[in-house]
Amino acid sequence: MSKVQPLAGDDDIRPQAVSLREAFWFWLKLGFISFGGPAGQISIMHQELVERRRWISERRFLHALNYCMLLPGPEAQQLATYIGWLMHRSWGGIVAGALFVLPSLFILMFLSWLYIAFGEVPVVAGLFYGIKPAVTAIVVQAAHRIGSRALKNNWLWAIAAASFTAIFAFNVPFPLIVLGAAVIGYFGGRLAPEKFRAGGHSAAKKSFGAALIDDDTPTPAHARFSWTKLAMLAVIGAALWALPMGVLTALFGWQGTLTQMSWFFTKAALLTFGGAYAVLPYVYQGAVGHYGWLTPTQMIDGLALGETTPGPLIMVVAFVGFVGAYVSQVFGADQVFLAGAVAAALVTWFTFLPSFLFILAGGPLVESTHDELKFTAPLTAVTAAVVGVILNLACFFGYHVLWPQGFSASLDWPSALIAIAAALALFRFKRGVIEVLLGCALIGLVVHLLR
């Protein structure tokens, strides 16, 4: 893939066209290095696609991100799907979105099996101990990177501050924050349009150079809206949901464990906005409180696995499905691993299917709005609000990593030192995310084993 990397001093030269095969290998790599939750994953994609490879301009990257932030489901995976679709049609979007998920699915299947079959694994626990402080530093870096580019004036800074205060101090639901920011942006775009314009092409070009999909690149034919395409996608999507659900109902009945898991995670995918961190409370209440598929302790351990493996954090649903079907012995006592693997695959399918449909169906509408202020002004305000939410997430991670027993207990000094080292590596020495994670994981393993 090195041939698509623009050379130093070639900022005005547009990168060469990228083949689907070439993009496939990049999306596969991304699936294995996409650590850090949605904030870290968006940061990685920005570094790779906007700054380094220049496959897409920052303005169009942020416009796509704003749309994904408004959707239910994992925004980072949807952003990868969107960019893949924009570059290489529907198959490009399917490849990008699927490869963002599949590595983490197989990794989580394996780790879930280790967890439930053999109990606590000291080596894995040690690696997690070092990765968690690094993830905290990555989220802080993501808030800084996105904020430094999105918060261009005092209006947007005020929206970010209000967003942080609302979620941190008053626990306002994320959908209400998004709605409030969009309303402010809509009226702000009318009253003070210069404050709510996305960054222009000249600023992006000065920072990163000409992009393959630049601000002035015409919308490709496949990305233009068509009622026929929309109807076709609706029919295909309905079939892809109804066929497996019908098979499960016929085999196990509507009250069967696998059927109920599929139905529950369909609702989770459609009814929860704000990304993985908004979905998790709903999943916890349903999987633990209502269905009893796993215990509260197992849910917390699953969240740790989701936080410290690549892919969307919502992939914790694979852990929930695996453990629930494994313990329930859906296929009998002799086939517990098969039951867990099938359940993990099913809940992943029903969780992510709507995300693909939202992008493939809604993408053409979004592409038709990237130069219209009445659409971009609300989304610019939403981006500012998201900066505040990401900062709150950094505080949440910092609290649980540095004071795992609460403020009443002492500070976890090894974790604090690892977090500081990770922050220095990211901010001061500009090291890559994967290098920082590997280094911190090894340090954490040593500390954990010496305790």
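Taken over the stretch 424-436, the criterion of being part of a helix (DSSP H, G or I) and modelled with pLDDT under 95 is satisfied by 426, 427, 428, 433, 434, 435, 436. The set of residues from the stretch 139-168 being among the hydrophobic types (A, V, I, L, M, F, W, C) and modelled with pLDDT of 90 or more comprises 155, 156, 157, 158, 159, 160, 161, 162, 164, 166. Taking the criterion of being within 17 Å of residue 345 (Cα to Cα), touching a Gly at 6+ places or on another chain (Cβ under 8 Å) and at pLDDT below 90, the residues of the stretch 241-286 that qualify are 268, 269.
Which residue is surrounded by the fewest Cβ atoms within 10 Å (Cβ to Cβ), if the candidates are limited to the stretch 167-187 and must be under 22 Å from the mean Cα position of the chain (by Cα) and aliphatic (A, V, I, L, M)? Step by step, filter the stretch 167-187, then rank; the result is 176. Residue 99: aliphatic (A, V, I, L, M) and crowded, with 19+ Cβ neighbours inside 10 Å, yes or no? Criteria met by residue 99. The residues of the stretch 15-53 that are of a type in the set (S, T, N, Q) and open to solvent by 40 Å² or more (accessible area, probe 1.4 Å), listed by number, are 16, 19, 47.
Please find, among 209, 200, the residue that is surrounded by fewer than 13 Cβ atoms within 10 Å (Cβ to Cβ) and modelled with pLDDT under 85.
200
Would you please name the residue that is nearest to residue 66 (Cα to Cα), looking only at residues in the stretch 287-305 that are modelled with pLDDT under 90 and open to solvent by 40 Å² or more (accessible area, probe 1.4 Å)? Applying the filter and picking the extreme gives 303.
Give me the residue from the stretch 357-416 that is assigned to a loop (DSSP other than H, G, I, E, B) and among the hydroxyl-bearing types (Ser, Thr, Tyr) and, out of that set, nearest to residue 167 (Cα to Cα).
Going through the qualifying residues, I end up with 408.
Cβ-Cβ distances below 6 Å connect no pair with a first residue in the stretch 432-451 that is under 10 Å from residue 422 (Cα atoms) and without any contact (Cβ under 8 Å) to a residue 40 or more places away in the chain, a second residue that is outside any helix (DSSP H, G or I) and among the polar types (S, T, N, Q), and a separation of six or more residues or different chains. Within the stretch 392-400, can one find any residue that is open to solvent by 20 Å² or more (accessible area, probe 1.4 Å), within 30 Å of residue 192 (Cα to Cα), within 25 Å of the chain's Cα centre (by Cα) and of a type outside the set (A, V, I, L, M, F, W, C)? Within the stretch 392-400, one or more residues are open to solvent by 20 Å² or more (accessible area, probe 1.4 Å), within 30 Å of residue 192 (Cα to Cα), within 25 Å of the chain's Cα centre (by Cα) and of a type outside the set (A, V, I, L, M, F, W, C). Could you check how many residues of the stretch 306-344 are in a helix (DSSP H, G or I), open to solvent by 10 Å² or more (accessible area, probe 1.4 Å) and of a type outside the set (Asp, Glu)? Going through the stretch 306-344 one residue at a time, the tally reaches 10.
Do we have residue 221 as at pLDDT 95 or above, out of contact with any Pro (no Cβ under 6 Å at 6 or more places or on another chain), of a type in the set (Gly, Ala, Ser) and open to solvent by 50 Å² or more (accessible area, probe 1.4 Å) here? Taking the combined requirement at face value, the residue does not satisfy it. A Cβ distance below 8 Å, combined with a sequence gap of six or more or placement on separate chains, defines the contacts here; from the stretch 145-160, residues that are under 18 Å from residue 394 (Cβ atoms) and of a type in the set (Gly, Ala, Ser) reach residues that are open to solvent by 30 Å² or more (accessible area, probe 1.4 Å) and part of a helix (DSSP H, G or I) in the pairs 147/391; 150/62; 160/391.
Out of the stretch 225-245, which residues are assigned to a helix (DSSP H, G or I) and either in contact (Cβ under 8 Å) with a residue 12 or more places away in the chain or touching a Leu at 6+ places or on another chain (Cβ under 7 Å) (or both)? Break it down stepwise before answering.
Residues of the stretch 225-245 that are assigned to a helix (DSSP H, G or I), as a first pass: 227-245.
Hits for the stretch 225-245 are 229, 230, 233, 234, 237, 240, 241, 244, 245.
A quick yes/no check of all residues on (1) surrounded by fewer than 24 Cβ atoms within 10 Å (Cβ to Cβ); (2) closer than 28 Å to residue 344 by Cβ:
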{"position": "55", "(1), (2)": "yes, no"}
{"position": "59", "(1), (2)": "yes, no"}
{"position": "73", "(1), (2)": "no, yes"}
{"position": "88", "(1), (2)": "yes, no"}
{"position": "107", "(1), (2)": "yes, yes"}
{"position": "110", "(1), (2)": "yes, yes"}
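Taken across the stretch 370-379, residues that are at pLDDT below 90, open to solvent by 20 Å² or more (accessible area, probe 1.4 Å) and among the polar types (S, T, N, Q) do not occur at all.
The values are calculated or read from the model by the stated rules, or taken from the named source; none is laboratory data. Here the structure is a predicted model, which means the values were calculated and not measured. In this analysis, Cβ positions are derived from the backbone assuming ideal geometry, glycine residues included, and neighbour counts consider all displayed protein chains. When the accessible area is computed, the model is the full protein with side chains, heavy atoms only, and any ligands, DNA or RNA have been set aside. Shrake-Rupley method; radii C 1.70, N 1.55, O 1.52, S 1.80 Å.
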